[in-house]
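Reviewing the structure listed below.
The values are calculated or read from the model by the stated rules, or taken from the named source; none is laboratory data. Computed from a predicted structure; not experimentally measured. Neighbour counts run over all protein chains shown; Cβ positions are idealised from the backbone, glycine included.
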């Protein structure tokens with residue numbers, strides 16, 4: 001599938017919580033695959049599935065969500081496969097997590113994402129990332145992430161905050177306040193250090 005096909009076919013379902021048809025599910029998976037160095041086609045899919053636990057996680061998640069409605073036995077199979085990857089990689093994530101397309105999970109290990117979080121399109125998630133809930137205060141709740149975002153290793157995003165499109169969260173940073181578009185955040189607590197965004201960090205976008 002060509003890049004333009006992935007982008008075009010997904011336009012109509014981009015903002016839906018889950019793909020409703022088999023074709024839409026396959027297109028969403030193709031979009032995730034493309035984020036891994038522009039990989040396309042069946043052979044690239046098999047090769048990348050063997051090498052990348054992050055892709056396995058998203059594929060099993062999307063298939064479980066689809067088959068939950070149409071064929072429960074396969075839902076149970078993909079739910080078990082999803083859970084197996086989570087256990088092996090020390091990942092805490094729900095199949096009900098609301099995500100866009102093109103989710104790239106590098107070095108899939110030690111990741112915790114609250115089930116109530118919302119993720120947009122073309123998001124890079126690194127190892128040991130936490131997206132969690134705040135239980136009190138002005139920012140009580142869980143994060144909502146826009147599109148084209150890079151979350152660096154060991155970064156934490158906590159509370160009912162919004163992270164704007166093309167924001168970059170640097171490694172080991174703690175974000176507890178809203179982040180504007182194209183912001184580069186660094187530190188504990190994180191502060192805006194530039195407006196250069198994610199250029200050079202989020203590639204092969206769909």
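Where in the stretch 93-191 are there strands (runs of 3 or more DSSP E), lying wholly inside it, with at least 2 residues that are at pLDDT 95 or above and in contact with a helix residue (DSSP H, G or I) (Cβ under 6 Å, 6 or more places away or on another chain)? Talk me through it step by step, then tell me what you get.
On the way: elements: 103-105, 123-125, 130-132, 156-158, 184-186.
Because the criterion is at least 2 residues that are at pLDDT 95 or above and in contact with a helix residue (DSSP H, G or I) (Cβ under 6 Å, 6 or more places away or on another chain), the strands (runs of 3 or more DSSP E) in the stretch 93-191 that meet it are 103-105.
Starting from the stretch 18-35, keep only residues that are under 8 Å from residue 66 (Cα atoms), then list their pairs with residues that are at pLDDT below 95 and not in a helix (DSSP H, G or I) whose Cβ atoms are within a distance under 8 Å, requiring at least 6 positions of separation or different chains.
Here the result reads 25/19, each pair linking the stretch 18-35 to a residue that is at pLDDT below 95 and not in a helix (DSSP H, G or I).
Do we have residue 154 as surrounded by 17 or more Cβ atoms within 10 Å (Cβ to Cβ) and over 11 Å from the mean Cα position of the chain (by Cα) here? It would help to see each step written out before you state the result.
Working: surrounded by 17 or more Cβ atoms within 10 Å (Cβ to Cβ): no; over 11 Å from the mean Cα position of the chain (by Cα): yes.
It is false that residue 154 is surrounded by 17 or more Cβ atoms within 10 Å (Cβ to Cβ) and over 11 Å from the mean Cα position of the chain (by Cα).
Residue 66 is checked against (1) closer than 22 Å to residue 106 by Cα; (2) touching a residue at least 40 places away in the same chain (Cβ under 8 Å) and fails just one. What number does that condition carry?
It is condition (1) that residue 66 fails.
When you scan the stretch 182-190, do you find a residue that is out of contact with any strand residue (DSSP E or B) (no Cβ under 7 Å at 6 or more places or on another chain), more than 25 Å from residue 35 (Cβ to Cβ) and surrounded by fewer than 15 Cβ atoms within 10 Å (Cβ to Cβ), even just one? Spell out how you get there, then give the answer.
Going through the stretch 182-190, the residues out of contact with any strand residue (DSSP E or B) (no Cβ under 7 Å at 6 or more places or on another chain) turn out to be 182, 187.
Those left that are additionally more than 25 Å from residue 35 (Cβ to Cβ): 187.
Now narrow it down to the ones that are surrounded by fewer than 15 Cβ atoms within 10 Å (Cβ to Cβ): 187.
Scanning the stretch 182-190, I find at least one residue that is out of contact with any strand residue (DSSP E or B) (no Cβ under 7 Å at 6 or more places or on another chain), more than 25 Å from residue 35 (Cβ to Cβ) and surrounded by fewer than 15 Cβ atoms within 10 Å (Cβ to Cβ), so the answer is yes.
Please determine whether any residue of the stretch 41-62 is over 26 Å from residue 150 (Cα atoms), outside any loop (DSSP other than H, G, I, E, B) and out of contact with any helix residue (DSSP H, G or I) (no Cβ under 7 Å at 6 or more places or on another chain).
Going residue by residue through the stretch 41-62, those that are over 26 Å from residue 150 (Cα atoms) are 42-43.
Checking the rest, the ones that are also outside any loop (DSSP other than H, G, I, E, B) come to 42-43.
Then keep just the ones that are out of contact with any helix residue (DSSP H, G or I) (no Cβ under 7 Å at 6 or more places or on another chain); that gives 42-43.
Taking every residue of the stretch 41-62 in turn, at least one turns out to be over 26 Å from residue 150 (Cα atoms), outside any loop (DSSP other than H, G, I, E, B) and out of contact with any helix residue (DSSP H, G or I) (no Cβ under 7 Å at 6 or more places or on another chain).
Quick test for you: out of 179, 163, pick the one residue that is surrounded by 22 or more Cβ atoms within 10 Å (Cβ to Cβ), within 30 Å of residue 26 (Cβ to Cβ) and without any contact (Cβ under 8 Å) to a residue 40 or more places away in the chain.
On the way: 179 fails: within 30 Å of residue 26 (Cβ to Cβ).
After applying the criteria, what remains is 163.
Being surrounded by fewer than 19 Cβ atoms within 10 Å (Cβ to Cβ), more than 14 Å from the chain's Cα centre (by Cα), farther than 25 Å from residue 51 by Cβ and without any contact (Cβ under 8 Å) to a residue 60 or more places away in the chain narrows it down to one of 115, 134, 171, 84, so name that one. Show your work before the answer.
Details: 115 fails: more than 14 Å from the chain's Cα centre (by Cα); 171 fails: farther than 25 Å from residue 51 by Cβ; 84 fails: farther than 25 Å from residue 51 by Cβ.
Criteria check complete, one pass: 134.
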